[in-house]
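Undergrad: What follows is a single structure, and I will ask about it in a moment.
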Amino acid sequence: MRFLFKTDYEDDIKLFPHSGYYVSYGILIALLLAAPYVLSSYLMSQLVFVCIYATVGVALLILTGFTGQASLGHAAFLAIGAYTAAYLQKYNVPFPVYFLAAGALTGLIGAMVGFPALRLTGIYLVIATISFALIVEEILARWESVTNGNEGMRVKTLSLLGVAVPRDSPAFYFLCLAVLVLTIVGTLNLLRSPTGRAFVAIRDSETAARSMGVNVALYKVKSFAISAAITGFAGVLFAHKLSFISPEMFTLQLSIEFIIVILIGGTFSLHGAVLGAIFIVMIDPFLTYLKDDMPGIIAGVAATFGAGNERAASIQSSVAAFASLNGLKGAIYGIIIMLFVLFEPLGIYGRWLKIKLFFQLFPLYKRATFKRQKIYVKSERNR
(Lines give C-alpha, C1' and ligand atoms only; values in the text may rest on other atoms or scores of the structure.)
Protein backbone atom coordinates (compact mmCIF):
# COMPACT_ATOMS: atom_id res chain seq x y z
CA MET A 1 0.00 0.00 0.00
CA ARG A 2 1.27 3.47 -0.89
CA PHE A 3 0.75 6.33 1.57
CA LEU A 4 0.87 9.89 0.22
CA PHE A 5 1.63 12.69 2.64
CA LYS A 6 0.80 16.10 1.19
CA THR A 7 2.77 18.94 2.70
CA ASP A 8 1.65 21.90 0.54
CA TYR A 9 -1.00 22.97 -1.95
CA GLU A 10 1.20 22.04 -4.91
CA ASP A 11 0.99 18.40 -3.85
CA ASP A 12 -2.79 18.62 -3.95
CA ILE A 13 -2.95 19.78 -7.58
CA LYS A 14 -0.14 17.74 -9.12
CA LEU A 15 -0.92 16.33 -12.55
CA PHE A 16 0.52 12.98 -11.44
CA PRO A 17 0.19 12.31 -7.68
CA HIS A 18 3.16 9.89 -7.56
CA SER A 19 5.79 8.22 -9.77
CA GLY A 20 3.61 5.16 -10.36
CA TYR A 21 1.45 7.22 -12.68
CA TYR A 22 4.42 7.91 -14.96
CA VAL A 23 5.09 4.18 -15.28
CA SER A 24 1.46 3.15 -15.90
CA TYR A 25 0.72 5.94 -18.38
CA GLY A 26 4.07 5.36 -20.10
CA ILE A 27 3.21 1.70 -20.65
CA LEU A 28 -0.28 2.65 -21.90
CA ILE A 29 1.12 5.18 -24.40
CA ALA A 30 3.68 2.63 -25.62
CA LEU A 31 0.91 0.07 -26.22
CA LEU A 32 -1.23 2.60 -28.07
CA LEU A 33 1.70 3.63 -30.26
CA ALA A 34 2.41 -0.01 -31.11
CA ALA A 35 -1.25 -0.82 -31.85
CA PRO A 36 -1.22 -0.01 -35.63
CA TYR A 37 1.59 -2.52 -36.18
CA VAL A 38 -0.11 -5.33 -34.26
CA LEU A 39 -3.88 -5.01 -34.67
CA SER A 40 -6.00 -5.55 -37.78
CA SER A 41 -7.37 -2.68 -39.86
CA TYR A 42 -10.87 -3.28 -38.45
CA LEU A 43 -9.70 -2.96 -34.85
CA MET A 44 -7.68 0.12 -35.75
CA SER A 45 -10.81 1.67 -37.26
CA GLN A 46 -12.65 0.97 -34.01
CA LEU A 47 -9.81 2.55 -32.02
CA VAL A 48 -10.11 5.70 -34.11
CA PHE A 49 -13.80 5.93 -33.25
CA VAL A 50 -12.92 5.35 -29.59
CA CYS A 51 -10.55 8.33 -29.72
CA ILE A 52 -13.18 10.55 -31.36
CA TYR A 53 -15.99 9.49 -29.00
CA ALA A 54 -13.71 9.84 -25.98
CA THR A 55 -12.79 13.37 -27.08
CA VAL A 56 -16.47 14.29 -27.21
CA GLY A 57 -16.97 12.52 -23.88
CA VAL A 58 -14.28 14.67 -22.25
CA ALA A 59 -15.91 17.79 -23.74
CA LEU A 60 -19.28 16.75 -22.36
CA LEU A 61 -17.71 16.03 -18.96
CA ILE A 62 -16.53 19.65 -18.76
CA LEU A 63 -20.10 20.85 -19.20
CA THR A 64 -22.11 18.13 -17.47
CA GLY A 65 -19.75 16.39 -15.08
CA PHE A 66 -17.76 19.36 -13.79
CA THR A 67 -20.15 22.31 -14.27
CA GLY A 68 -23.43 20.49 -13.70
CA GLN A 69 -25.12 21.69 -16.92
CA ALA A 70 -27.01 18.88 -18.69
CA SER A 71 -26.89 18.74 -22.47
CA LEU A 72 -28.42 16.56 -25.17
CA GLY A 73 -27.23 18.76 -28.02
CA HIS A 74 -23.62 17.75 -28.54
CA ALA A 75 -24.42 15.93 -31.77
CA ALA A 76 -25.23 19.39 -33.17
CA PHE A 77 -21.81 20.73 -32.12
CA LEU A 78 -20.19 17.70 -33.73
CA ALA A 79 -22.14 18.40 -36.92
CA ILE A 80 -21.08 22.06 -36.99
CA GLY A 81 -17.42 21.07 -36.73
CA ALA A 82 -17.80 18.40 -39.42
CA TYR A 83 -19.65 20.65 -41.88
CA THR A 84 -17.21 23.52 -41.30
CA ALA A 85 -14.35 21.24 -42.30
CA ALA A 86 -16.19 19.90 -45.37
CA TYR A 87 -17.20 23.38 -46.52
CA LEU A 88 -13.76 24.98 -46.13
CA GLN A 89 -12.14 22.02 -47.88
CA LYS A 90 -13.95 23.04 -51.07
CA TYR A 91 -11.84 26.23 -51.13
CA ASN A 92 -8.58 24.34 -50.53
CA VAL A 93 -8.14 25.69 -47.02
CA PRO A 94 -5.30 23.77 -45.30
CA PHE A 95 -6.12 21.33 -42.51
CA PRO A 96 -4.62 23.31 -39.58
CA VAL A 97 -6.67 26.36 -40.57
CA TYR A 98 -10.05 24.69 -40.94
CA PHE A 99 -9.39 22.50 -37.90
CA LEU A 100 -8.93 25.60 -35.73
CA ALA A 101 -11.75 27.42 -37.54
CA ALA A 102 -14.17 24.57 -36.81
CA GLY A 103 -13.30 24.68 -33.12
CA ALA A 104 -13.58 28.47 -32.97
CA LEU A 105 -16.93 28.58 -34.77
CA THR A 106 -18.38 25.75 -32.69
CA GLY A 107 -17.13 27.40 -29.49
CA LEU A 108 -18.75 30.69 -30.50
CA ILE A 109 -22.07 28.98 -31.21
CA GLY A 110 -21.75 27.12 -27.90
CA ALA A 111 -21.38 30.45 -26.10
CA MET A 112 -24.44 31.77 -27.94
CA VAL A 113 -26.39 28.70 -26.76
CA GLY A 114 -25.08 29.22 -23.23
CA PHE A 115 -26.47 32.75 -22.90
CA PRO A 116 -30.20 31.93 -23.24
CA ALA A 117 -29.67 28.77 -21.17
CA LEU A 118 -28.46 30.74 -18.14
CA ARG A 119 -31.89 30.82 -16.54
CA LEU A 120 -32.58 27.15 -17.19
CA THR A 121 -31.65 24.16 -15.06
CA GLY A 122 -32.36 20.46 -14.96
CA ILE A 123 -34.93 19.07 -17.37
CA TYR A 124 -35.64 22.52 -18.84
CA LEU A 125 -32.00 22.91 -19.89
CA VAL A 126 -32.11 19.43 -21.42
CA ILE A 127 -35.20 20.42 -23.44
CA ALA A 128 -33.45 23.59 -24.61
CA THR A 129 -30.38 21.67 -25.83
CA ILE A 130 -32.61 19.12 -27.59
CA SER A 131 -34.36 22.00 -29.34
CA PHE A 132 -30.99 23.40 -30.41
CA ALA A 133 -29.96 20.00 -31.81
CA LEU A 134 -33.21 19.73 -33.80
CA ILE A 135 -32.79 23.27 -35.14
CA VAL A 136 -29.24 22.53 -36.32
CA GLU A 137 -30.36 19.28 -37.95
CA GLU A 138 -33.10 21.14 -39.81
CA ILE A 139 -30.72 23.90 -40.94
CA LEU A 140 -28.29 21.32 -42.30
CA ALA A 141 -31.11 19.70 -44.27
CA ARG A 142 -32.53 22.99 -45.63
CA TRP A 143 -29.43 25.13 -46.32
CA GLU A 144 -28.62 23.34 -49.56
CA SER A 145 -26.30 26.02 -50.96
CA VAL A 146 -23.83 25.33 -48.16
CA THR A 147 -24.56 21.79 -46.90
CA ASN A 148 -26.05 20.13 -50.02
CA GLY A 149 -29.10 19.32 -47.90
CA ASN A 150 -30.03 15.68 -47.47
CA GLU A 151 -27.67 14.67 -50.29
CA GLY A 152 -24.79 15.23 -47.90
CA MET A 153 -21.20 16.27 -48.57
CA ARG A 154 -18.10 14.36 -49.54
CA VAL A 155 -15.06 14.98 -47.38
CA LYS A 156 -11.72 14.79 -49.16
CA THR A 157 -8.73 12.94 -47.77
CA LEU A 158 -6.95 14.90 -45.08
CA SER A 159 -3.76 16.60 -46.21
CA LEU A 160 -1.27 17.63 -43.53
CA LEU A 161 1.78 19.68 -44.57
CA GLY A 162 1.31 18.55 -48.16
CA VAL A 163 1.18 14.85 -47.24
CA ALA A 164 -2.06 12.88 -47.71
CA VAL A 165 -3.31 11.16 -44.55
CA PRO A 166 -5.85 8.48 -45.55
CA ARG A 167 -8.55 7.69 -43.01
CA ASP A 168 -7.36 4.08 -42.58
CA SER A 169 -3.67 4.91 -42.22
CA PRO A 170 -1.69 4.73 -38.95
CA ALA A 171 -0.98 8.46 -39.31
CA PHE A 172 -4.68 9.29 -39.01
CA TYR A 173 -4.93 7.11 -35.91
CA PHE A 174 -1.94 8.88 -34.38
CA LEU A 175 -3.58 12.25 -35.17
CA CYS A 176 -6.82 11.23 -33.40
CA LEU A 177 -4.83 9.83 -30.48
CA ALA A 178 -2.82 13.05 -30.20
CA VAL A 179 -6.01 15.15 -30.16
CA LEU A 180 -7.46 12.92 -27.42
CA VAL A 181 -4.30 13.07 -25.28
CA LEU A 182 -4.02 16.85 -25.66
CA THR A 183 -7.72 17.19 -24.78
CA ILE A 184 -7.34 15.10 -21.62
CA VAL A 185 -4.15 16.86 -20.49
CA GLY A 186 -5.66 20.27 -21.27
CA THR A 187 -8.82 19.41 -19.32
CA LEU A 188 -6.78 18.21 -16.34
CA ASN A 189 -4.91 21.51 -16.32
CA LEU A 190 -8.18 23.41 -16.74
CA LEU A 191 -9.65 21.70 -13.68
CA ARG A 192 -6.58 22.63 -11.63
CA SER A 193 -6.96 26.30 -12.60
CA PRO A 194 -9.27 28.90 -10.99
CA THR A 195 -11.64 28.44 -13.94
CA GLY A 196 -11.95 24.70 -13.33
CA ARG A 197 -12.47 25.19 -9.60
CA ALA A 198 -15.21 27.72 -10.41
CA PHE A 199 -16.88 25.09 -12.64
CA VAL A 200 -16.88 22.55 -9.80
CA ALA A 201 -18.16 25.15 -7.33
CA ILE A 202 -21.10 25.91 -9.64
CA ARG A 203 -21.85 22.20 -9.96
CA ASP A 204 -21.84 21.66 -6.20
CA SER A 205 -23.90 24.72 -5.28
CA GLU A 206 -24.61 27.86 -7.28
CA THR A 207 -25.60 29.72 -4.13
CA ALA A 208 -22.29 28.89 -2.44
CA ALA A 209 -20.37 29.78 -5.62
CA ARG A 210 -22.01 33.23 -5.77
CA SER A 211 -21.22 33.80 -2.10
CA MET A 212 -17.54 33.15 -2.88
CA GLY A 213 -17.55 35.75 -5.67
CA VAL A 214 -17.85 33.40 -8.66
CA ASN A 215 -19.55 35.00 -11.66
CA VAL A 216 -21.91 32.08 -12.29
CA ALA A 217 -23.30 33.38 -15.61
CA LEU A 218 -19.83 34.01 -17.07
CA TYR A 219 -18.46 30.61 -16.13
CA LYS A 220 -21.52 28.77 -17.39
CA VAL A 221 -21.06 30.42 -20.79
CA LYS A 222 -17.34 29.60 -20.67
CA SER A 223 -18.16 25.98 -19.95
CA PHE A 224 -20.57 25.80 -22.90
CA ALA A 225 -18.00 27.43 -25.20
CA ILE A 226 -15.08 25.21 -24.19
CA SER A 227 -17.16 22.03 -24.37
CA ALA A 228 -18.56 22.97 -27.79
CA ALA A 229 -15.12 23.91 -29.17
CA ILE A 230 -13.60 20.55 -28.23
CA THR A 231 -16.59 18.79 -29.77
CA GLY A 232 -16.03 20.84 -32.95
CA PHE A 233 -12.44 19.57 -33.14
CA ALA A 234 -13.74 16.01 -32.80
CA GLY A 235 -16.28 16.76 -35.55
CA VAL A 236 -13.48 17.48 -38.03
CA LEU A 237 -11.88 14.10 -37.32
CA PHE A 238 -15.30 12.42 -37.45
CA ALA A 239 -15.95 13.87 -40.91
CA HIS A 240 -12.58 12.72 -42.25
CA LYS A 241 -13.02 9.24 -40.81
CA LEU A 242 -16.42 8.76 -42.46
CA SER A 243 -15.46 10.71 -45.65
CA PHE A 244 -19.16 11.54 -46.11
CA ILE A 245 -21.55 13.47 -43.88
CA SER A 246 -25.29 14.12 -44.03
CA PRO A 247 -27.86 15.58 -41.58
CA GLU A 248 -29.32 12.20 -40.58
CA MET A 249 -25.95 11.18 -39.13
CA PHE A 250 -26.21 13.80 -36.34
CA THR A 251 -29.48 12.86 -34.68
CA LEU A 252 -30.67 12.89 -31.09
CA GLN A 253 -29.58 9.26 -30.75
CA LEU A 254 -25.95 10.34 -31.26
CA SER A 255 -26.31 12.87 -28.43
CA ILE A 256 -27.73 10.10 -26.23
CA GLU A 257 -24.72 7.96 -27.08
CA PHE A 258 -22.44 10.74 -25.85
CA ILE A 259 -24.40 10.91 -22.60
CA ILE A 260 -24.07 7.14 -22.22
CA VAL A 261 -20.30 7.49 -22.71
CA ILE A 262 -19.97 9.56 -19.54
CA LEU A 263 -22.68 7.66 -17.62
CA ILE A 264 -21.01 4.31 -18.22
CA GLY A 265 -17.46 5.53 -17.73
CA GLY A 266 -18.15 7.82 -14.80
CA THR A 267 -19.69 11.28 -14.67
CA PHE A 268 -16.72 12.82 -12.85
CA SER A 269 -13.83 10.91 -14.46
CA LEU A 270 -11.76 11.63 -17.57
CA HIS A 271 -10.59 8.02 -17.57
CA GLY A 272 -14.25 7.04 -17.55
CA ALA A 273 -14.85 8.94 -20.80
CA VAL A 274 -12.38 6.63 -22.55
CA LEU A 275 -13.90 3.51 -20.97
CA GLY A 276 -17.40 4.66 -21.93
CA ALA A 277 -16.27 5.34 -25.51
CA ILE A 278 -14.88 1.80 -25.79
CA PHE A 279 -18.19 0.42 -24.52
CA ILE A 280 -20.29 2.45 -26.99
CA VAL A 281 -18.09 1.70 -30.00
CA MET A 282 -18.40 -2.03 -29.29
CA ILE A 283 -22.22 -1.92 -29.28
CA ASP A 284 -22.54 -2.05 -33.09
CA PRO A 285 -20.18 -5.06 -33.50
CA PHE A 286 -22.12 -6.79 -30.72
CA LEU A 287 -25.43 -6.17 -32.51
CA THR A 288 -23.93 -7.49 -35.76
CA TYR A 289 -22.75 -10.60 -33.96
CA LEU A 290 -26.15 -10.96 -32.33
CA LYS A 291 -27.90 -10.78 -35.70
CA ASP A 292 -25.51 -12.86 -37.84
CA ASP A 293 -23.97 -15.49 -35.56
CA MET A 294 -26.01 -15.80 -32.37
CA PRO A 295 -29.17 -17.34 -33.99
CA GLY A 296 -27.14 -20.24 -35.38
CA ILE A 297 -25.31 -20.76 -32.08
CA ILE A 298 -28.55 -20.83 -30.07
CA ALA A 299 -30.18 -23.18 -32.60
CA GLY A 300 -27.14 -25.49 -32.38
CA VAL A 301 -27.35 -25.53 -28.58
CA ALA A 302 -31.08 -26.30 -28.78
CA ALA A 303 -30.39 -29.17 -31.17
CA THR A 304 -27.71 -30.50 -28.82
CA PHE A 305 -30.26 -30.65 -26.00
CA GLY A 306 -32.70 -32.68 -28.06
CA ALA A 307 -34.67 -30.14 -30.12
CA GLY A 308 -35.76 -31.40 -33.53
CA ASN A 309 -34.72 -29.82 -36.81
CA GLU A 310 -37.98 -27.93 -37.18
CA ARG A 311 -37.86 -26.70 -33.59
CA ALA A 312 -34.21 -25.60 -33.95
CA ALA A 313 -35.04 -23.77 -37.20
CA SER A 314 -37.96 -22.05 -35.49
CA ILE A 315 -35.72 -20.95 -32.61
CA GLN A 316 -33.12 -19.67 -35.05
CA SER A 317 -35.67 -17.61 -37.00
CA SER A 318 -37.16 -16.20 -33.77
CA VAL A 319 -33.73 -15.12 -32.44
CA ALA A 320 -32.84 -13.62 -35.85
CA ALA A 321 -36.12 -11.66 -35.91
CA PHE A 322 -35.47 -10.37 -32.38
CA ALA A 323 -31.91 -9.34 -33.24
CA SER A 324 -33.17 -7.43 -36.30
CA LEU A 325 -35.72 -5.28 -34.44
CA ASN A 326 -35.42 -1.60 -35.31
CA GLY A 327 -35.58 -0.33 -31.73
CA LEU A 328 -33.20 -2.88 -30.23
CA LYS A 329 -30.23 -0.50 -30.03
CA GLY A 330 -32.29 2.18 -28.30
CA ALA A 331 -33.70 -0.40 -25.87
CA ILE A 332 -30.19 -1.56 -25.00
CA TYR A 333 -29.17 2.06 -24.35
CA GLY A 334 -32.18 2.56 -22.09
CA ILE A 335 -31.44 -0.59 -20.09
CA ILE A 336 -27.77 0.39 -19.74
CA ILE A 337 -28.66 3.86 -18.46
CA MET A 338 -31.14 2.48 -15.90
CA LEU A 339 -28.73 -0.18 -14.64
CA PHE A 340 -25.85 2.25 -14.16
CA VAL A 341 -28.00 4.95 -12.57
CA LEU A 342 -29.55 2.45 -10.14
CA PHE A 343 -26.60 0.22 -9.28
CA GLU A 344 -23.38 2.07 -10.17
CA PRO A 345 -23.82 5.87 -10.46
CA LEU A 346 -20.04 6.34 -10.51
CA GLY A 347 -19.70 4.24 -13.68
CA ILE A 348 -17.02 1.74 -14.67
CA TYR A 349 -14.21 3.93 -13.35
CA GLY A 350 -16.06 4.27 -10.04
CA ARG A 351 -16.27 0.49 -9.80
CA TRP A 352 -12.53 0.28 -10.49
CA LEU A 353 -11.88 2.75 -7.65
CA LYS A 354 -13.92 0.59 -5.30
CA ILE A 355 -12.04 -2.55 -6.29
CA LYS A 356 -8.69 -0.79 -5.87
CA LEU A 357 -9.68 0.63 -2.50
CA PHE A 358 -10.92 -2.80 -1.39
CA PHE A 359 -7.49 -4.34 -1.90
CA GLN A 360 -5.72 -1.32 -0.42
CA LEU A 361 -7.75 -1.44 2.80
CA PHE A 362 -8.33 -5.21 3.04
CA PRO A 363 -9.55 -6.47 5.50
CA LEU A 364 -10.69 -3.09 6.83
CA TYR A 365 -12.77 -2.03 3.79
CA LYS A 366 -16.31 -0.80 4.54
CA ARG A 367 -19.07 -1.14 1.97
CA ALA A 368 -20.46 2.27 2.92
CA THR A 369 -17.23 4.05 1.91
CA PHE A 370 -18.69 5.52 -1.29
CA LYS A 371 -22.23 6.13 -0.03
CA ARG A 372 -23.29 9.75 0.06
CA GLN A 373 -24.32 10.85 3.52
CA LYS A 374 -27.96 11.86 3.64
CA ILE A 375 -27.38 14.93 5.77
CA TYR A 376 -28.45 18.28 4.35
CA VAL A 377 -28.49 21.86 5.51
CA LYS A 378 -31.13 24.46 4.70
CA SER A 379 -28.91 26.31 2.24
CA GLU A 380 -28.76 23.23 -0.01
CA ARG A 381 -32.46 23.62 -0.78
CA ASN A 382 -31.49 26.48 -3.11
CA ARG A 383 -29.30 24.32 -5.33
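The values are calculated or read from the model by the stated rules, or taken from the named source; none is laboratory data. Since the structure is predicted, the reported quantities are computational estimates derived from the model, not experimental observations. Here Cβ is always computed from backbone atoms with ideal geometry, including for glycine, and neighbour counts include all displayed protein chains. Accessible surface areas use protein heavy atoms only, side chains included; no ligands, DNA or RNA. Shrake-Rupley method; radii C 1.70, N 1.55, O 1.52, S 1.80 Å.
Undergrad: Please work out which one of (1) without any contact (Cβ under 8 Å) to a residue 24 or more places away in the chain; (2) of a type in the set (A, V, I, L, M, F, W, C); (3) within 30 Å of F258 (Cβ to Cβ) is the condition L287 fails and give its number.
TA: (1)
Undergrad: Within the range 230-269, restricting attention to residues that are outside any helix (DSSP H, G or I) and aromatic (F, W, Y), which residue is most open to solvent (accessible area, probe 1.4 Å)?
TA: Restricting to residues being outside any helix (DSSP H, G or I) and aromatic (F, W, Y), the top hit is F268.
Undergrad: When you go through G296, G306 one by one, which is the residue that is outside any helix (DSSP H, G or I) and more than 20 Å from S255 (Cβ to Cβ)?
TA: After applying the criteria, what remains is G306.
Undergrad: For the range 96-111, check the following and say yes or no: at least one residue is in contact with a strand residue (DSSP E or B) (Cβ under 9 Å, 6 or more places away or on another chain) and closer than 19 Å to L237 by Cβ.
TA: Within the range 96-111 (the criterion being in contact with a strand residue (DSSP E or B) (Cβ under 9 Å, 6 or more places away or on another chain) and closer than 19 Å to L237 by Cβ), the answer is yes, since at least one residue qualifies.
Undergrad: In addition: Looking at the range 138-155, can you tell me whether even one residue there is touching a residue at least 60 places away in the same chain (Cβ under 8 Å), out of contact with any helix residue (DSSP H, G or I) (no Cβ under 8 Å at 6 or more places or on another chain) and closer than 23 Å to C51 by Cβ?
TA: No, the conditions are met nowhere in the range 138-155.
Undergrad: Next question. Quickly run through the range 212-268 and pick out the residues that are within 23 Å of L188 (Cβ to Cβ) and of a type in the set (D, E, K, R).
TA: Result: K220, K222.
Undergrad: Filter the range 231-261 for residues that are of a type in the set (V, I, T) and out of contact with any His (no Cβ under 6 Å at 6 or more places or on another chain); which is modelled with the highest pLDDT?
TA: Applying the filter and picking the extreme gives V236.
Here's the yes/no breakdown for (1) open to solvent by 40 Å² or more (accessible area, probe 1.4 Å); (2) assigned to a helix (DSSP H, G or I):
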| position | (1), (2) |
| --- | --- |
| L15 | yes, no |
| L31 | yes, yes |
| A35 | no, yes |
| T67 | no, no |
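Undergrad: Still on this structure: Test of understanding: among S227, S317, S324, which residue is crowded, with 20+ Cβ neighbours inside 10 Å and of a type outside the set (V, I, T)?
TA: None of the others qualify; the one that does is S227.
Undergrad: Any residue in the range 176-192 that's under 19 Å from G68 (Cα atoms): show its pairings with residues that are open to solvent by 40 Å² or more (accessible area, probe 1.4 Å) at Cβ separation under 7 Å, as long as the two are six or more apart or on different chains.
TA: L188/L15; R192/I13
Undergrad: Another question about this same structure. Could you check the range 147-167 and list, in sequence order, the residues that are of a type outside the set (K, R) and surrounded by 13 or more Cβ atoms within 10 Å (Cβ to Cβ)?
TA: T147, N148, G149, G152, M153, V155, T157, L158, S159, L160, V165
Undergrad: Same structure, new question: State yes or no: is T121 surrounded by 17 or more Cβ atoms within 10 Å (Cβ to Cβ) and within 30 Å of N215 (Cβ to Cβ)?
TA: Against the criterion (surrounded by 17 or more Cβ atoms within 10 Å (Cβ to Cβ) and within 30 Å of N215 (Cβ to Cβ)), T121 does not qualify.
Undergrad: Failed condition for T129, given (1) modelled with pLDDT of 90 or more; (2) under 19 Å from V58 (Cβ atoms); (3) touching a Ser or Thr at 6+ places or on another chain (Cβ under 7 Å), with all others met?
TA: T129 satisfies every listed condition except (1).
Table: residues versus (1) touching a helix residue (DSSP H, G or I) at 6+ places or on another chain (Cβ under 7 Å); (2) modelled with pLDDT under 90.
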| site | (1), (2) |
| --- | --- |
| A229 | yes, no |
| L263 | yes, yes |
| H271 | yes, yes |
| L275 | yes, yes |
| T288 | no, yes |
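Undergrad: Checking G213 against (1) assigned to a helix (DSSP H, G or I); (2) open to solvent by 30 Å² or more (accessible area, probe 1.4 Å), which single condition isn't satisfied?
TA: Unmet for G213, out of (1) assigned to a helix (DSSP H, G or I); (2) open to solvent by 30 Å² or more (accessible area, probe 1.4 Å): (1).
Undergrad: Which count do you get for residues in the range 168-178 that are open to solvent by 10 Å² or more (accessible area, probe 1.4 Å) and assigned to a helix (DSSP H, G or I)?
TA: 6
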